[in-house]
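Written below as structure tokens is the structure these notes are about.
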Amino acid sequence: MKFRNLVETIDFIELVNCEDMSVEIEGVSYNSKKTKPNEIFICLPGEHVDGHEYAEDAVNNGAVACIVERQLNLDIPQVVVENSQEALSKISAEYYANPSLKLNIIGVTGTNGKTTVTHLIQKLYEAFDNKCALIGTLGYKFKSNDEYQGGGHTTPQAPELQSLLYDINEKCINNVVMEVSSHSLVQHRVDYVDFRGAVFTNLTQDHLDFHITMENYFRAKAKLFEDLVSGDFAVINADDAYAERFKEVISPSVNLYTYGIASKADVMAKDITFDGNGASYTCVIRGKEYKVNLLINGMFSIYNVLAATATALALGFDTEKALHVFEQIRGVAGRFEIIVNKPTVIVDYAHTPDGLENVLKASREITPNGGNLICIFGCGGDRDATKRPKMGEIAEKLADKVIVTSDNPRSENPQQIITDILAGFKSTADVIVEPDRELAIKEAYKLANANDVVLVAGKGHEDYQIIGAQTIHFDDREKVREIFIGV
């Protein structure tokens, strides 16, 4: 694609060294180390590094033009813009011929539940003989039974996302369901993605190290719904405290569907029961009742299935058949995943106060009479510190025994993170503190009897620990199997 054609699509302040704009652009880059010959390099100012400082490296690697927010002392074409992240999103979409316009894309956003809901929707599409790709925290896949590829950000950066959407279209897949993180909305990664529908799961405290306030966090999530247009659809959790505010930002011409348990909604659940085999409830869809037996457990799982059921309603699928599809699903890796039985050991991704509370309540539902609920958890370093004592308070209230450990301490001192968590306990006399996560799981093994339930929370599907500048292999599921059953 000609440099001139890309530049014409964006708003710019100034053109520098752009006498000849006929150069052919063969890729879009924002990482100088990965820049290839004949690519355009976009200088992104970030929290820790500034892409402008690496533009010369990108040029040495073959970049033939730069998008900048300030002029650089480089003898190559430069386009000065007000916001290079916005420019990156626009240029990426143009370079890949705006693939989202040819696809039906559903975005799922919220603090918790995004991964499970996207997987349910992908299965839903396939049950009705529609191909559907999935993009999210675990990576991406073109079919539900594919292995995950990629991974990293919950929502990829604009060039990777637009390239992936282009590949999806080339494979003649018409539908996409993707997790949309608050970071991606604020950072303009999805600015030029045309969403057909949006699903809201819930909004509770998380990422305040980035957003600072819950209001900012809400505004970020709300952007996905503000951008919907006539004929699109929105699915809203009517039980969430922010439900009405999300409804307010949606255009009247957008089709609105709601789900809930405590609130009147299009899709509701009542007569809910839990046991070791899963959850059962009566699903009420606009007055019509269906008995549902899930293989997954916990109140949060019911909310996730309700969200997917409301999406089925929005898409015009037969809802009774959709419910039968959901009854066959055994869950997502690292999401309330039962690894061992007797004692029951569960690994879950819960890393927020609300998430931890939900999985502890779900764990309690399946704890046999006379059994103890043992909780192992920590909090990530270089992230919102205000949630740490809240999670400590929740663990003390809902678990019988608590082991506080590390969870991706990053550049922070693990002991300081643990001290922050312990501040939420009324008494720490019976709390076991073990910063080494493997040893913490071994402590649970020593404590647990056959009737007990052990919840290992915080990392879920992750197979690494970030300690200082090092990323080491560590998988809770592997360690649980190794320690509890010797495999």
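Just so you know, all these numbers are worked out from the coordinates, no wet-lab data involved. Quick caveat: nothing in here was measured; it's all calculated off a predicted structure. Here Cβ is always computed from backbone atoms with ideal geometry, including for glycine, and neighbour counts include all displayed protein chains.
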- Query: Going by the alpha-carbon gyration tensor, a ≥ b ≥ c the square roots of its eigenvalues, is region 130-203 rounded (a/c under 1.5) or, if a/c is not under 1.5, prolate (a/b greater than b/c) versus oblate?
  - Reply: rounded
- Enclosed volume per residue, in Å³, of the convex hull spanned by Cα atoms of region 362-487: 104 Å³
- Message: Ranking request for peptides 267-280, 60-73, 307-320: highest mean number of other beta-carbon atoms within 10 Å first, then the rest in descending order.
- Response: 307-320, 60-73, 267-280
- Item | Mean Cα-pair separation over length for the chain, i.e. relative contact order, pairs under 8 Å, 6 or more apart, % | 10 percent
- Between region 340-405 and region 120-174, how many Å separate their Cα centres? 31 Å
- Which shape class applies to region 67-217: rounded if a/c is under 1.5, otherwise prolate when a/b exceeds b/c and oblate if not, where a ≥ b ≥ c are the square roots of the Cα gyration tensor eigenvalues? oblate
- Quick one: what are the phi-derived ³J(HN,Hα) couplings along region 55-72, Karplus 6.51/-1.76/1.60 with θ = phi - 60°, whole Hz, x for glycine and proline? 4, 4, 4, 5, 5, 4, 8, x, 4, 10, 6, 9, 9, 9, 9, 8, 5, 10
- Ordered by packing density, taken as the mean number of other Cβ atoms within 10 Å over each peptide's residues, highest first, how do 357-364, 175-182 rank? 175-182, 357-364
- Task: Sum -39500 (n - 2.57) across every DSSP H segment of at least 4 residues in the chain, then divide by the residue count to get the 222 nm mean residue ellipticity, nearest 500.
- Result: -9500 deg cm²/dmol
- Task: Looking at the chain, send over the antiparallel percent of its DSSP beta bridges, to the nearest 5.
- Result: 40 percent
- Length added when fully stretched, Arg245-Asn216, from 0.36 nm per residue minus Cα-Cα: 9.1 nm
- Note on the structure: With the 8 Å Cα cutoff and a minimum separation of six or more residues, region 3-92 has a relative contact order in percent of 32 percent
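Only four residue types carry charge here, +1 at the Cβ of Lys and Arg and -1 at the Cβ of Asp and Glu. Report the dipole size of the chain about the Cα centre in Debye, rounded to the nearest 20.
1640 debye
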- Equivalent-ellipsoid semi-axes (√(5λ), Cα gyration tensor) for region 99-327, whole Å, largest first? 26, 21, 17
- Task: Please list, in chain and number order, the residues 5+ apart from Ile25 or on another chain whose amide H is under 5 Å from its amide H, with Hs placed from the backbone.
- Result: Lys2, Phe3
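Is region 3-92 best put as rounded, prolate or oblate by its Cα gyration tensor, with a ≥ b ≥ c the root eigenvalues, rounded for a/c under 1.5, and otherwise prolate when a/b is larger than b/c, oblate when not?
rounded
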- Evaluated over region 243-380, the Cα radius of gyration and Dmax, each in Å: 16.5, 54
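Calculate the FRET efficiency for Gln470 and Ile338 from the Cβ-Cβ distance with a Förster distance of 30 Å, rounded to the nearest 0.05.
Plugging the Cβ-Cβ distance into 1/(1 + (r/R0)^6) gives 0.45.
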- Query: Could you give me the ³J(HN,Hα) list for region 239-253, computed from phi with Karplus coefficients 6.51, -1.76, 1.60 and θ = phi - 60°, whole Hz, x at Gly and Pro?
  - Reply: 7, 6, 4, 9, 4, 5, 5, 5, 4, 5, 8, 8, 4, x, 7
- Query: Hey, with R₀ at 25 Å, roughly what FRET efficiency would Ile272 and Gln328 work out to, going by the Cβ-Cβ distance, to 0.05?
  - Reply: 0.80
- Task: With everything on Cα atoms, drop me the angle between helix 437-447 and the longest principal axis of the chain, reported from 0 to 90° to the nearest 10.
- Result: 10 degrees
- Message: Taking the 0 to 90 degree range and rounding to the nearest ten, how far is the long axis of helix 299-315 tilted relative to the main principal axis of the chain, both from C-alpha atoms?
- Response: 50 degrees
- Computed over region 99-327, the relative contact order (Cα-Cα under 8 Å, seq sep at least six) in percent reads 19 percent
- Message: Using the Karplus curve 6.51 cos²θ - 1.76 cosθ + 1.60 with θ = phi - 60°, what ³J(HN,Hα) values do you get for each residue of region 85-91, in whole Hz, with x for Gly and Pro?
- Response: 5, 4, 5, 4, 5, 5, 5
- Under a point-charge model restricted to the Cβ atoms of Lys and Arg (+1) and Asp and Glu (-1), what is the dipole moment magnitude of region 3-92 relative to its Cα centre, in debye to the nearest 20? 280 debye
- Item | For the chain, diffusion coefficient by Stokes-Einstein and Kirkwood Rh (Cα), 4 °C, 1.567 mPa s, µm²/s | 54 µm²/s
